[in-house]
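Since the structure comes first, as structure tokens, the remarks are kept for the end.
The values are calculated or read from the model by the stated rules, or taken from the named source; none is laboratory data. Please read all numbers here as calculations on a predicted model, not as lab measurements. In this analysis, Cβ positions are derived from the backbone assuming ideal geometry, glycine residues included, and neighbour counts consider all displayed protein chains.
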Amino acid sequence: MSRPFVRSILSANDLLTGRVVYLTNTDGWTNDIRRAVVFDDKAEAIARLAWAEAQTHQVIAPVLAPVRGAAPFPTSNRDRLRATGPFSLAGKPAQETPSARPSETPHV
Amino acid sequence: MLHDVSIPYPGLSGCPDYETLDTRTLLARALADPALGRCALVSSFGAESVVLLHLISRIKPDLPILFIDTELLFAETLRYQKSLARLLGLSNVQIIRAHPRDLSQTDPHNRLHISDPDSCCNLRKVQPLQRALQSFDTWISGRKRYQGGLRASLPLFEKDGEKHLKINPLANWSAQDIHDYIEQNNLPRHPLLEKGYHSIGCKPCTRPASGRTGRWSGQNKTECGIHLRNGRVVSRPAAAVLVRDGGFVVKDQQSETAALDLPGDTALQDLPADLHNHSMIRITFSNFADGRGFTLARDLRRRGYRGCLRACGPLLADQYSMIRRVGFDEVEIPAEHARRQPERLWQARANWQAYDYQSRLQGWTRGRQHHI
Amino acid sequence: MYEYNAFDQGFLTQRLKQFRAQVAQRLNGALSEEEFKPLRLMNGLYLQLHAYMLRVAIPYGTLSASQMRALADISERWDRGYGHFTTRQNIQFNWISLADTPDILDALAKAGLHAVQTSGNTIRNVTADPFAGAAADEVEDPRPLAEMIRQWSTDHPEFQFLPRKFKIAVTGSPKDRAITRAHDIGLRILRNDSGKVGIEISIGGGLGRTPILGQVLAPFVPKSDILPMLEAILSVYNQLGRRDNKYKARLKIALQELGMANLRESVLVKFQQTRREFSGGDQSFLAEVEHHFALPPAKQQSLTPYQNAMRKDHALSRWVQTNTRQHKYADYVSVTISLKTPGAVPGDATASQMRLMASLSDRFSLSELRVTQAQNILLPHVHKADLPDLFQALQKENLSSGNIGLVSDITACPGLDYCALATARAIPVAQEIALRFQALNLEHEIGPLEIKISGCINACGHHHLGHIGILGLERGGVETYQITLGGNGLKPTTLGERTGPGFSADEILPAIERLLLGYLKQRTNRAESFIDCYRRLGPLPFRAMLYPNSENEKGPEHAA
């Protein structure tokens, strides 16, 4: 069963740092999602994914991530979180605050 | 249909000395000569391919052009191939690929090029080309003498196996000739040339460098193998390697005639009753992550087996101390595996008795200092 | 607590050298990613959503002050200044690079810490009752046994490539705060009627996509048989565990498929052999190592200032009521430091919080700390006289929430915010529930309540064991949260029951609110906790609270 191809970018993790990287249109890797090459053609996307899987000296776990819009904007929660990093409820990066609301009185 | 030919091809009819012909005439005569049968051009659409493609396009634009897509090519090559074919009016470009079944069997994770580039070339170039060439009698390649190495004494015509003739029309072209031709005819060059590449093959095995030194750089390989004649890349199974505490040892076939072979997942109840009669038992690991062989070895020792226990399979040097501690005496690894896991990696783990927590616990006596 | 000697240090030094070589071989191609991955996992390094994650073992949840300080230093030097304490008593650093990992392991080794076998198909960190050695209700401190098992399992040559991961837990208390029935092997130290000490071995428990409680393999085993039995169980599992399907490879599945009778027989046959390999050395070791865990005598100090403070300071007395537990010394308590200040990320601590906790443990708790399965930190041995000063000091770093065991003391896995396996986010759900009930000022009104949230079916948040469990899944690209009720970690360990269709991210908080407000209406009195009320009334009234517009739980899907 094949689903219609959705335009996608190619993301992976950098081998050395583990950070999320995106394939650019010059076959390089960037951590800026705005510079990711967008694939409209399924065959090309699959070919580039196969190529990326062979780049084991640079990246690991390459995947195609469906996107929409010009930004490009990933459509899945996972890919969005990979692009933005984890966020706490208050919209601030979770690691900045041990508590989103500093309290004046001890909690009871 | 091909008449019997010998190297070098003595006769284009009526023209004994074709080394003096200009390349264009040579090609025009060859492509019109029925003695050469069905012809094809094999082109990589690489750094200098545009010359021969342009020549062909002026003579016979519908000549079959075989383009090998290894599926590991640069995106730029794929795009260049399409746009150049369109520009030159080449209407019969045939894309050759390995069969998906072969790929998934032999190189499912696309990393064969790291462990065994010869086999990767064979899988993705040599075999597919050989299959494709069965439909032809003569093929044309763009190799040149100035490229050096194995190409330094290239003839214009050569016999290729039993059934084929190969033409190298650019054999005596110099680098300057190539450059001038491209300039004079205003031909588009491969986009990667701007980035410092001088010879362009598959992406994993190509680095920017001059001449062909960027291909398989750092390895002993200079040819992919499609031009090697007796020379089909044949993987000769090299002898397996034995690993012991002292290092690598060559196998002695004689001593193993009485060996018993057991797969690592052999169940206890399936062990043969006569196992003690064998001086050697070889336990095979189908892959390094299947740990059942370790338990089997321990069980055999618990049953009192005193012979030689050998672990066979693609095991990692990092497993050596586990292998020895559970009771194996030695390891047998495939030769290809030994290339990636060379002797010094195994030697680094030869001190398998050090820091053995389990033995230390079992042998603990009160009050004694158990530092080692 | 146990202190490393030259052997332990030497082992780590050698291990680190091996790991450095493995990283180099990965980078130069001698090892493929497929070959390197199990080696990297054996050293605790995962690939997660955003970076590598390093999971550091805290053996049976016991940590020294200097070790806590070392973790703080590491978090600042090589991570983003914080760490996450997990439901298996480990700590995780989320922003690690492969290139730094050998240096980090080196720094850990200097502090007597490591990441050996915290991942991969190996025997994992042995967990224990976090109140071990302190609790009044203990038969015996389980930690000497846990330490012996830790050493026995470290780099065990036969068991580095098991069919799947293997988890062992030990408890010395009849309450079983180690949740032994949710482990591949659970060990409970018991005393029989004649006063003899023995160990009950259960096997085949586990949460995850098929939660199953372990069954008793042997009801009362002498300590001298423990290592031979573990050898036998692991050996049988190594051979019989499935290797064809990752989701059916745990011991719990083998137990389901083979049945206890068959499995027990295989284990006992193998035990006949393994027992011959132990001639008492392990027992000598055990006797010696017990000294490491002995408690010094109680200090004598007047309780009057403390009693006065309790009368005057309402906040203090509330905090003492929720966060302290009875100790075997009459004038002592064990204090839980809450890492669940409402709005905080459950289980996370910053470097400065870690340093404060370390220095407080130096001052007040014999330099010892514990990690709990609920992602909080425990100071095990605190004299009551010190409680006012301790409470005061904790406020500096927002560590003084008096919410242990209450609605806002939520256990939540990192979820989709961090984890590559997750299907939904768990942290924001925990945060919004905690903040809501704090704002409503209902935490004490509701009373004891354990909410546990998992961001995927692997259940690292232990949602099956929550009085209220929340499981975050994904349907059609949208997060959906399913609620289970009635789970319990303490004996008798019980798995929660599913209530019905999932709720969207916007609907989950209102659903929980309905549930808890409904409970407040339905309970007989304040003394009846949520779980007691659930046990009395059964699931139907609670489903009605969750799905007020349906006849039953098979109503319309609440998919967004």
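Observations
- Among the residues of region B:264-274, those that are modelled with pLDDT of 90 or more and surrounded by 15 or more Cβ atoms within 10 Å (Cβ to Cβ) comprise B:Gly264, B:Asp265, B:Thr266, B:Leu271.
- Counting only strands (runs of 3 or more DSSP E) wholly contained in region B:79-171, the ones carrying 2 or more residues that are modelled with pLDDT of 85 or more occupy B:93-96, B:138-140, B:164-167.
- Qualifying residue in region B:43-64 (condition: without any contact (Cβ under 8 Å) to a residue 12 or more places away in the chain, of a type outside the set (Val, Ile, Thr), over 15 Å from B:Leu129 (Cβ atoms) and away from chain A (no Cβ under 14 Å)): no
- Of the residues making up region B:253-298, those that are facing another protein chain (nearest Cβ under 8 Å), charged (D, E, K, R) and part of a helix (DSSP H, G or I) number 2.
- Helices (runs of 4 or more DSSP H) contained in region C:1-85 and holding at least 1 residues facing chain A (nearest Cβ under 9 Å): C:6-28, C:33-42
- Filter result (of a type in the set (Asp, Glu), buried (at least 16 other Cβ atoms within 10 Å of the Cβ) and over 21 Å from the mean Cα position of the chain (by Cα)) within region B:56-108: B:Glu76
- Among the residues of region C:329-357, the ones that are more than 14 Å from every other protein chain (Cβ to nearest Cβ) and either part of a helix (DSSP H, G or I) or at pLDDT below 95 (or both) come to 0 in all.
- Count - residues of region C:92-119 that are more than 10 Å from every other protein chain (Cβ to nearest Cβ), assigned to a loop (DSSP other than H, G, I, E, B) and surrounded by fewer than 21 Cβ atoms within 10 Å (Cβ to Cβ): 2
- For C:Gln89, the criteria (1) out of contact with any helix residue (DSSP H, G or I) (no Cβ under 9 Å at 6 or more places or on another chain); (2) outside any helix (DSSP H, G or I); (3) more than 13 Å from chain A (Cβ to nearest Cβ) hold in every case but one, which is (1).
- All positions within region B:300-349 that are crowded, with 17+ Cβ neighbours inside 10 Å and among the small types (Gly, Ala, Ser): B:Gly307, B:Ala311, B:Gly313, B:Ala317, B:Ser321, B:Gly327, B:Ala338
- Residues of region B:334-344 satisfying the condition of being facing chain C (nearest Cβ under 9 Å) and within 18 Å of B:Asn287 (Cβ to Cβ): B:Arg340, B:Gln341
- For region C:459-477, the criterion of a residue being surrounded by 23 or more Cβ atoms within 10 Å (Cβ to Cβ) and over 19 Å from the mean Cα position of the chain (by Cα) is satisfied by at least one position.
- Meets criteria (of a type in the set (Val, Ile, Thr), buried (at least 24 other Cβ atoms within 10 Å of the Cβ) and farther than 25 Å from C:Tyr332 by Cα) for C:Thr87: yes
- Meets criteria (surrounded by fewer than 17 Cβ atoms within 10 Å (Cβ to Cβ) and either modelled with pLDDT of 85 or more or at negative phi (or both)) for B:Ala175: yes
- When C:Gly61 is tested against (1) closer than 27 Å to A:Asn31 by Cβ; (2) crowded, with 22+ Cβ neighbours inside 10 Å, only condition (1) is not met.
- Extreme residue, farthest from C:Glu497 (Cα to Cα), among residues of region C:207-229 that are assigned to a loop (DSSP other than H, G, I, E, B) and within 23 Å of the chain's Cα centre (by Cα): C:Gly214
- Residue match in region C:283-291 (condition: within 29 Å of the chain's Cα centre (by Cα), more than 30 Å from B:Gln358 (Cα to Cα), surrounded by 15 or more Cβ atoms within 10 Å (Cβ to Cβ) and free of Cβ contacts under 8 Å to residues at least 60 places away in the same chain): no
- Here is the figure for region A:22-44: residues that are away from every other protein chain (no Cβ under 11 Å) and of a type in the set (A, V, I, L, M) total 3.
- Hits in region C:386-414 - residues which are on the phi > 0 side of the Ramachandran plot and at the interface with chain A (Cβ under 9 Å from one of its Cβ atoms): C:Asn398
- Some residue of region C:120-136 being crowded, with 22+ Cβ neighbours inside 10 Å, aliphatic (A, V, I, L, M) and within 11 Å of another protein chain (Cβ to nearest Cβ): no
- Among the candidates C:Gln321, C:Gln326, residue that is more than 9 Å from chain A (Cβ to nearest Cβ) and not in a helix (DSSP H, G or I): C:Gln326
- Count - residues of region C:192-205 that are buried (at least 20 other Cβ atoms within 10 Å of the Cβ) and either on the phi < 0 side of the Ramachandran plot or without any contact (Cβ under 8 Å) to a residue 40 or more places away in the chain (or both): 5
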